[in-house]
Amino acid sequence: MRRSWVEDYTAAQTGLAMPLTREALEAWQLAQLEQLLTYVREHSRSYRDYPKTLTSLAELEQLPLIEDSMLAKDGQAMVCLSQSAVQRVVTLQ
C-alpha cells in the first residue's frame, strides 16, 4: 500500500523511522506527555499531585478534567509561568 503524505509528515515531525507503527507513535506520544506532565508538576501548584509517570495512554483517562468552575475558583494556581511572561490572553470557543 502506498504511503500518504501524512505518514511522511508525521515521521519528519516526530523523528520516527518509517514505516510508522501504532506502537511507535503511542510510545512517542507517551514520552511527549511525560515531558508535559513533568513541566506542569514543577511549575504549577494545581498539578503537583498529578501522577509521577504514566505507563500507557489509557491512563490519560485517570487525569482530572479541568472545569470552568476550577478556573474561576483558583485559576492562578494552574498557571505554569510568571504573569510577566504572558504576552496575550486569548479565549477560544
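The values are calculated or read from the model by the stated rules, or taken from the named source; none is laboratory data. Just so you know, these numbers come straight off a predicted model, no measurement behind them. Glycine also receives a Cβ, built like all others from the backbone with ideal geometry; neighbour counts cover every protein chain displayed. Accessible surface is based on the protein model in full, side chains and every heavy atom, while ligands, DNA and RNA are left aside. Shrake-Rupley method; radii C 1.70, N 1.55, O 1.52, S 1.80 Å.
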Counted residues in region 2-61 being open to solvent by less than 70 Å² (accessible area, probe 1.4 Å) and among the basic types (Lys, Arg) come to 1
Please go through (1) touching a residue at least 24 places away in the same chain (Cβ under 8 Å); (2) assigned to a helix (DSSP H, G or I) for GLN13 and return the number of the only condition it doesn't satisfy. (1)
For ARG45, the lone unmet condition from (1) part of a loop (DSSP other than H, G, I, E, B); (2) among the charged types (D, E, K, R); (3) closer than 30 Å to ALA27 by Cα; (4) without any contact (Cβ under 8 Å) to a residue 24 or more places away in the chain is (4)
So VAL40 ticks every box in (1) touching a Cys at 6+ places or on another chain (Cβ under 7 Å); (2) assigned to a loop (DSSP other than H, G, I, E, B) but one. Which box is left unticked? (2)
Could you please find all residues in region 75-84 being open to solvent by 70 Å² or more (accessible area, probe 1.4 Å) and farther than 17 Å from GLN35 by Cα? GLN76, GLN83, SER84
